[in-house]
Amino acid sequence: MKAPERIRGARFTGIGYYLPEVVLTNADFERMLDTSDEWIVSRTGIKERRIAKPEQATSDLAIEATNRALADAGITPEDLDIILIATATSDMPFPSTACLVQNRIGASNAAAFDITAACSGFIYGVTIAQALIASGKARRVLVVGVETLSRIMDYEDRATCVLFGDGAGAVVMEACEPGDGVLGTYLKSDGSYADLLFLPGGGSRRPLTEEGLRNREQYVKMKGDGLFKYAVRAMVEAAEAVLREAGLTTADIDFLVPHQANLRIIEGVRSRLHVPPEKAIVNIDYVGNTSSASIPIALGEAKDKGLIKRGDRILMVAFGGGLTWGALLVKY
Ligand code: UT7
């Protein structure tokens with residue numbers, strides 16, 4: 001009788017990211033709104049963010065990051081079993097952005113679908129990919145975090161629009177020996193705080209009408225102070241849970257890659273976890289908050305700069321609308 005297949009591990013074999021070329025600086029906002037570089041930098045740590053060109057949709061950004069991740073992994077689109085895209089800004093309500101990407105890159109053997117978990121989308125996506133690989137359902141999965149948040153920003157709402165930017169990050173995940181690759185995952189949600197960060201218009205509850213457009217329902221609404229209170233606590237809880245699951249402490253971690261929502265949140269999480277500053281990957285100053293794309297962009301940049309190396313233990317942690325939060329521990 002054939003021995004049952006062991007549960008398999010899942011590791012990152014390729015990482016790629018893409019930032020659109022157009023830069024929106026704090027000085028640009030000073031010309032558009034009643035705000036200042038001093039306020040934005042001191043309250044958020046953000047100096048500039050990237051914005052997709054009008055002709056660039058979410059799938060275009062996703063494909064740029066995907067091509068880089070596939071090249072890094074040394075595989076072709078046909079090798080993919082699953083394409084999983086985490087986004088809150090899909091090209092259109094359906095079909096999924098993943099299906100659009102599948103067609104354009106020629107990933108003819110892949111099943112493709114999107115997931116929505118706001119800023120935690122990449123953590124959720126990698127967790128699903130890991131489970132598909134562990135169960136033997138898939139051998140090679142592409143996970144993309146991608147957003148064109150500039151399309152859903154209210155550029156008259158100074159408390160929100162200065163925070164967010166556009167971008168994409170992608171990882172290729174492949175089966176490996178158990179104990180390598182993803183060492184632990186943790187996911188949580190609390191829908192009772194859905195009103196802290198949401199986009200009211202354009203769904204089945206409030207289909208867009210002329211009145212809705214006049215009321216700016218097509219744009220993101222955010223209660224920043226409410227989110228701020230939960231963010232640090234939730235991210236620390238997730239990081240500690242995932243470390244506990246793996247039997248490790250932050251002293252065993254080579255890098256912390258936190259979701260880039262606000263420099264003060266990142267610093268709060270880093271210091272409560274007792275991670276030294278040189279181990280925290282921070283790019284919020286020139287990328288802003290790119291929601292589900294923020295962790296894979298930061299990861300890709302750190303890899304390209306030679307900071308993150310094979311064998312490093314990397315702790316990733318995110319928090320966002322939903323509410324959703326979670327953490328990943330990966331041996332790269
Ligand atoms: O990606 C995950 C989800 N997002 C987050 O986790 C975001 C979490 N929240 C935050 O990062 C912060 O709450 C913000 C950066 C959004 C705001 O910082 P804050 O220190 O919480 O400021 P605040 O909301 O308490 O606002 C303070 C003041 C207000 O004026 P009044 O009412 O005190 O007179 C705002 O109107 O700052 C004003 N303000 C601004 N002033 C200049 C808000 N935005 C701006 C601005 N420029 N851009």
Over region 54-92, the set of residues free of Cβ contacts under 8 Å to residues at least 24 places away in the same chain and farther than 22 Å from I297 by Cβ is T76, M92
Of the residues in region 190-219, those that are in contact with a Pro (Cβ under 9 Å, 6 or more places away or on another chain) and within 16 Å of the ligand (Cβ to nearest atom) number 1
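Check V171, V146 and return the single one that is within 16 Å of the ligand (Cβ to nearest atom), in the same structural domain as A88 (by TED's automatic domain parsing) and open to solvent by less than 30 Å² (accessible area, probe 1.4 Å). Walk me through it before giving the result.
Numbers: V171 fails: within 16 Å of the ligand (Cβ to nearest atom).
Every option except V146 fails the conditions.
Report yes if T25 is among the hydroxyl-bearing types (S, T, Y) and either within 16 Å of the ligand (Cβ to nearest atom) or out of contact with any helix residue (DSSP H, G or I) (no Cβ under 7 Å at 6 or more places or on another chain) (or both), otherwise no. Before the answer, list the steps.
On the way: among the hydroxyl-bearing types (S, T, Y): yes; either within 16 Å of the ligand (Cβ to nearest atom) or out of contact with any helix residue (DSSP H, G or I) (no Cβ under 7 Å at 6 or more places or on another chain) (or both): yes.
Yes: the conditions hold for T25.
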Given the criteria assigned to a loop (DSSP other than H, G, I, E, B) and touching a residue at least 60 places away in the same chain (Cβ under 8 Å), does I46 qualify? yes
Those residues of region 7-44 that are closer than 30 Å to R310 by Cα and either loosely packed, with under 15 Cβ neighbours inside 10 Å or among the small types (G, A, S) (or both) come to a total of 6
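Say whether the condition of being more than 26 Å from S189 (Cβ to Cβ), in contact (Cβ under 8 Å) with a residue 12 or more places away in the chain and open to solvent by 10 Å² or more (accessible area, probe 1.4 Å) is met by at least one residue in region 316-326.
Our first condition is that a residue be more than 26 Å from S189 (Cβ to Cβ); within region 316-326, this holds for none.
The answer is no, given that none of the residues of region 316-326 is more than 26 Å from S189 (Cβ to Cβ), in contact (Cβ under 8 Å) with a residue 12 or more places away in the chain and open to solvent by 10 Å² or more (accessible area, probe 1.4 Å).
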Picking from D285, D312, the residue that is among the acidic types (D, E) and open to solvent by less than 40 Å² (accessible area, probe 1.4 Å) would be D312
Of A298, A318, the only residue that is touching a Ser or Thr at 6+ places or on another chain (Cβ under 6 Å) and within 14 Å of the ligand (Cβ to nearest atom) is A318
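Condition first: closer than 24 Å to Q260 by Cβ and surrounded by 24 or more Cβ atoms within 10 Å (Cβ to Cβ). Now tell me which residues in region 52-87 satisfy that. Please lay out each step first, then the result.
Here is the first cut: in region 52-87, the residues closer than 24 Å to Q260 by Cβ are 52-53, 56-69, 72, 84-87.
The answer is A52, T58, S59, L61, A62, A65, T66, A69, L84, I85, A86, T87.
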Taking region 93-108 and keeping only residues that are touching a residue at least 12 places away in the same chain (Cβ under 8 Å) and surrounded by 13 or more Cβ atoms within 10 Å (Cβ to Cβ), one is left with S96, T97, A98, C99, L100, V101, Q102, R104, I105, A107
Taking region 235-270 and the residues there that are open to solvent by 60 Å² or more (accessible area, probe 1.4 Å) and without any contact (Cβ under 8 Å) to a residue 60 or more places away in the chain, the one that is farthest from A159 (Cα to Cα) would be G247
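The values are calculated or read from the model by the stated rules, or taken from the named source; none is laboratory data. Just so it is clear, the structure is predicted and the values come from calculations on it, not from any experiment. Ideal geometry is used to build each Cβ from the backbone, glycine not excepted, and the neighbour counts take in all protein chains shown. We work out accessible area using only protein heavy atoms, side chains counted, and drop any ligands, DNA or RNA first. Shrake-Rupley method; radii C 1.70, N 1.55, O 1.52, S 1.80 Å.
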